[in-house]
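K.L.:
This is the structure, below, for whatever I ask next.
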Ligand code: AHR
């Protein structure tokens, strides 16, 4: 392609859907250094009296995730929530079989929820349906949400938390379709357990929102039959079905193909939406089941452990992926997919938040810094809260084996309901050419871009600002290999 350009047609009067603010969530798991030496490091010069790092809290507030999923992930499937409450000195030290680490339980539900709300997010908690079941789920809910006057609600009060947490969103286990999951089940086994757990919880509080564990990978042989079977068991009692996606360059021949890998998310959304609609029709149901992408990111599965990893260490460095600018653009394409499908996808959790496949990194006892993917998420969270309006991109394309014809330019337009301002999020997948994008709309306010001449450029603890957003050199033109935010005044 040469001297090419793109055109974005938008119609601000044509609202497609309102974006649920829970699409801007993230995820904090007891895994690697996510919690210990990530968000929590007593003795760190920037830690507050409770041990939480305020430098990290400041960066999280900049990202403004609306929702934080906790405590796992694979971790939850052997977790006893009781181990993480009450006087810290009495809490048991346990083995965490999922990540082969030692868990001291210094941080548990009470510390997490207090911190989560202090950084401006709402908790989304997960039940252990791996090694535990219905009874423990009811007990955890009672401890968290019941006002008082019962053994478990009084226990919370005795622990120093008089107000019920009123947690709205609960996950019925995690990745139960994955053979690596502790307590992995068949779709029938899990469907029955999830159904009975959900039925009991809804009987206690019909206003809870429950997320049933759907497919955690389109690559598993059970996909998407798992989702059909699980939904046939649970349709009446659940509100959302979870999906997970981690994209990477495995089995992709080259960089252009890698840049298109986010299209797998669109395919997964289409398939599971259709599965939900099939079950709704089968059940002669009235409600739609929504999708919760409660783990999504780029993750190349290399370096699972840092050198020197020993099984059963406490908070060993795990999957501390360093993201290139290329991966920030791919990450941006996942954001575009979430926005395009925000009528159906109501919940999104960037997995994860700190140190483990994360936008924020920390040095124990030292500074914290922003990865390349920090910036697209911050833009999404700041400017994505509105209404997705009709847009159509005309873009030159290239061909890949897996994805067929792929447009160089992808874009989504969001209108802010209060000001009427329009934000266009756009990527340019072309590795060498800038692409002018003709947009017929209001007055341009700003065009910021994240790009770099080296596709492998990263930020590191030593060079934390190698890749940062800047004003576009030629406003209206998308630099090669770039993530872009273009803002326009409302149309008069
Ligand atoms: O986010 C890291 C891990 O990825 C989670 O624990 C698990 O749910 C998924 O496989």
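K.L.:
So for segment 237-245 (the condition being in a helix (DSSP H, G or I), touching a helix residue (DSSP H, G or I) at 6+ places or on another chain (Cβ under 7 Å) and within 16 Å of the ligand (Cβ to nearest atom)), does at least one residue qualify?
P.N.:
No, there is no match, as no residue in segment 237-245 is in a helix (DSSP H, G or I), touching a helix residue (DSSP H, G or I) at 6+ places or on another chain (Cβ under 7 Å) and within 16 Å of the ligand (Cβ to nearest atom).
K.L.:
For segment 171-193, which residues satisfy the criterion of being away from the ligand (no atom under 16 Å from the Cβ) and touching a residue at least 40 places away in the same chain (Cβ under 8 Å)? Please lay out each step first, then the result.
P.N.:
To start, the set of residues in segment 171-193 that are away from the ligand (no atom under 16 Å from the Cβ) comprises 186-189, 191-193.
Once the filter is applied, which keeps residues that are away from the ligand (no atom under 16 Å from the Cβ) and touching a residue at least 40 places away in the same chain (Cβ under 8 Å), segment 171-193 yields 187, 188, 191, 192, 193.
Residue-wise test of (1) within 16 Å of the ligand (Cβ to nearest atom); (2) under 24 Å from residue 381 (Cβ atoms); (3) in a helix (DSSP H, G or I); (4) out of contact with any helix residue (DSSP H, G or I) (no Cβ under 9 Å at 6 or more places or on another chain).
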{"residue": "77", "(1), (2), (3), (4)": "yes, no, yes, yes"}
{"residue": "83", "(1), (2), (3), (4)": "no, no, yes, yes"}
{"residue": "89", "(1), (2), (3), (4)": "no, no, yes, yes"}
{"residue": "98", "(1), (2), (3), (4)": "yes, no, no, no"}
{"residue": "102", "(1), (2), (3), (4)": "no, no, no, yes"}
{"residue": "117", "(1), (2), (3), (4)": "no, yes, yes, yes"}
{"residue": "120", "(1), (2), (3), (4)": "no, yes, no, no"}
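K.L.:
While we're on this one: Does segment 232-239 contain any residue that is under 30 Å from residue 428 (Cβ atoms) and touching a residue at least 60 places away in the same chain (Cβ under 8 Å)? Step through it out loud before you land on a result.
P.N.:
Let us first name the residues in segment 232-239 that are under 30 Å from residue 428 (Cβ atoms), namely none.
Scanning segment 232-239, I find no residue that is under 30 Å from residue 428 (Cβ atoms) and touching a residue at least 60 places away in the same chain (Cβ under 8 Å), so the answer is no.
K.L.:
Right, something else. Among the residues that make up segment 229-240, is at least one of them crowded, with 16+ Cβ neighbours inside 10 Å and within 23 Å of residue 335 (Cβ to Cβ)? Working first, answer last.
P.N.:
Let us first name the residues in segment 229-240 that are crowded, with 16+ Cβ neighbours inside 10 Å, namely 229-235, 237-240.
From what is left, the residues that are within 23 Å of residue 335 (Cβ to Cβ) are 240.
Checked against the condition, which is being crowded, with 16+ Cβ neighbours inside 10 Å and within 23 Å of residue 335 (Cβ to Cβ), segment 229-240 yields at least one hit.
K.L.:
Which residues, counting only those in segment 194-236, are within 16 Å of the ligand (Cβ to nearest atom) and not in a helix (DSSP H, G or I)?
P.N.:
211, 212, 213, 214, 215, 216, 217, 218, 219, 220, 222, 223
K.L.:
Which condition number does residue 136 fail, the rest of (1) closer than 30 Å to residue 381 by Cβ; (2) part of a helix (DSSP H, G or I) being met?
P.N.:
Failed condition: (1).
K.L.:
Can I ask one more? Sort out which residues of segment 123-146 are more than 16 Å from the ligand (Cβ to nearest atom) and closer than 12 Å to residue 170 by Cβ, and write them in order of number. Walk me through it before giving the result.
P.N.:
Residues of segment 123-146 that are more than 16 Å from the ligand (Cβ to nearest atom), as a first pass: 123, 132-146.
Result: 123, 137, 138, 140, 141, 144, 145.
K.L.:
Filter segment 356-371 down to residues that are part of a loop (DSSP other than H, G, I, E, B) and under 14 Å from the mean Cα position of the chain (by Cα) and give me whichever is farthest from the ligand (Cβ to nearest atom). Let's see the steps before the verdict.
P.N.:
Just the residues of segment 356-371 that are part of a loop (DSSP other than H, G, I, E, B), to begin with: 356-359, 363-367, 371.
Filter once more, so that each one left must be under 14 Å from the mean Cα position of the chain (by Cα): 356-359.
Numbers: 356: 6, 357: 6, 358: 10, 359: 13 Å.
It comes out as 359.
K.L.:
Would you check if there is a residue in segment 10-25 being within 28 Å of residue 427 (Cβ to Cβ), in a loop (DSSP other than H, G, I, E, B) and within 16 Å of the ligand (Cβ to nearest atom)?
P.N.:
Of all residues in segment 10-25, those within 28 Å of residue 427 (Cβ to Cβ) come to 10-25.
With in a loop (DSSP other than H, G, I, E, B) added as a condition, the list becomes 19-20.
Then drop every residue that is not within 16 Å of the ligand (Cβ to nearest atom), which leaves none.
No; the residues of segment 10-25 include none that is within 28 Å of residue 427 (Cβ to Cβ), in a loop (DSSP other than H, G, I, E, B) and within 16 Å of the ligand (Cβ to nearest atom).
K.L.:
Here's something else I'd like to know. Tell me, yes or no, whether segment 178-189 has at least one residue that is surrounded by 19 or more Cβ atoms within 10 Å (Cβ to Cβ), touching a helix residue (DSSP H, G or I) at 6+ places or on another chain (Cβ under 8 Å) and closer than 20 Å to residue 271 by Cβ.
P.N.:
Yes.
K.L.:
Which residue is farthest from the ligand (Cβ to nearest atom), if the candidates are limited to segment 246-259 and must be under 18 Å from the mean Cα position of the chain (by Cα) and in contact (Cβ under 8 Å) with a residue 60 or more places away in the chain? Can you show your working first?
P.N.:
Within segment 246-259, the subset under 18 Å from the mean Cα position of the chain (by Cα) is 246-248.
Within this subset, residues satisfying the condition of being in contact (Cβ under 8 Å) with a residue 60 or more places away in the chain are 246-247.
Numbers: 246: 7, 247: 13 Å.
Here the answer is 247.
K.L.:
Going by what's in this entry, would residue 271 be described as assigned by TED's automatic domain parsing to the domain that holds residue 93, surrounded by 17 or more Cβ atoms within 10 Å (Cβ to Cβ) and outside any loop (DSSP other than H, G, I, E, B)? Let's see the steps before the verdict.
P.N.:
Details: assigned by TED's automatic domain parsing to the domain that holds residue 93: yes; surrounded by 17 or more Cβ atoms within 10 Å (Cβ to Cβ): no; outside any loop (DSSP other than H, G, I, E, B): yes.
Criteria not met by residue 271.
K.L.:
Being free of Cβ contacts under 8 Å to residues at least 24 places away in the same chain, more than 16 Å from the ligand (Cβ to nearest atom) and not assigned by TED's automatic domain parsing to the domain that holds residue 411 narrows it down to one of 49, 64, 4, so name that one. Spell out how you get there, then give the answer.
P.N.:
Details: 64 fails: free of Cβ contacts under 8 Å to residues at least 24 places away in the same chain; 4 fails: free of Cβ contacts under 8 Å to residues at least 24 places away in the same chain.
Selected residue: 49, the only one of 49, 64, 4 that is free of Cβ contacts under 8 Å to residues at least 24 places away in the same chain, more than 16 Å from the ligand (Cβ to nearest atom) and not assigned by TED's automatic domain parsing to the domain that holds residue 411.
K.L.:
Now, a different point. Looking only at segment 314-326, decide whether some residue is away from the ligand (no atom under 16 Å from the Cβ), more than 20 Å from residue 356 (Cα to Cα) and surrounded by fewer than 16 Cβ atoms within 10 Å (Cβ to Cβ). Lay out the reasoning, then the answer.
P.N.:
Applying the first criterion (away from the ligand (no atom under 16 Å from the Cβ)) to segment 314-326 yields 314, 322, 324-326.
From what is left, the residues that are more than 20 Å from residue 356 (Cα to Cα) are none.
No, every residue in segment 314-326 fails to be away from the ligand (no atom under 16 Å from the Cβ), more than 20 Å from residue 356 (Cα to Cα) and surrounded by fewer than 16 Cβ atoms within 10 Å (Cβ to Cβ).
K.L.:
Is there a residue in segment 342-352 that is more than 16 Å from the chain's Cα centre (by Cα), surrounded by fewer than 24 Cβ atoms within 10 Å (Cβ to Cβ) and within 25 Å of residue 238 (Cα to Cα)? Lay out the reasoning, then the answer.
P.N.:
Residues of segment 342-352 that are more than 16 Å from the chain's Cα centre (by Cα), as a first pass: 343.
Filter again for surrounded by fewer than 24 Cβ atoms within 10 Å (Cβ to Cβ), leaving 343.
With the extra rule that they be within 25 Å of residue 238 (Cα to Cα), the set shrinks to 343.
Yes, some residue in segment 342-352 is more than 16 Å from the chain's Cα centre (by Cα), surrounded by fewer than 24 Cβ atoms within 10 Å (Cβ to Cβ) and within 25 Å of residue 238 (Cα to Cα).
K.L.:
Taking segment 444-457, which residues are surrounded by fewer than 20 Cβ atoms within 10 Å (Cβ to Cβ) and in contact (Cβ under 8 Å) with a residue 24 or more places away in the chain?
P.N.:
Selection gives 444, 445, 446, 448, 454, 455, 456, 457.
K.L.:
Follow-up question, since we're still on this one. Give 419, 441, 432 a once-over and let me know the one that is buried (at least 19 other Cβ atoms within 10 Å of the Cβ), part of a loop (DSSP other than H, G, I, E, B) and in contact (Cβ under 8 Å) with a residue 40 or more places away in the chain.
P.N.:
Working: 419 fails: buried (at least 19 other Cβ atoms within 10 Å of the Cβ); 432 fails: buried (at least 19 other Cβ atoms within 10 Å of the Cβ).
Just one listed residue meets the conditions, 441.
K.L.:
A follow-up question, please. So for segment 247-258 (the condition being part of a helix (DSSP H, G or I) and in contact with a helix residue (DSSP H, G or I) (Cβ under 8 Å, 6 or more places away or on another chain)), does at least one residue qualify? Don't jump to the end; show me each part of the working.
P.N.:
Keep residues of segment 247-258 that are part of a helix (DSSP H, G or I), which gives 255-258.
Filter once more, so that each one left must be in contact with a helix residue (DSSP H, G or I) (Cβ under 8 Å, 6 or more places away or on another chain): 255, 258.
Yes.
The values are calculated or read from the model by the stated rules, or taken from the named source; none is laboratory data. Note that the coordinates shown come from a computational prediction; the quantities given were computed from them, not determined experimentally. Cβ sites come from the backbone with ideal geometry, for glycine too, and all protein chains shown count toward neighbours.
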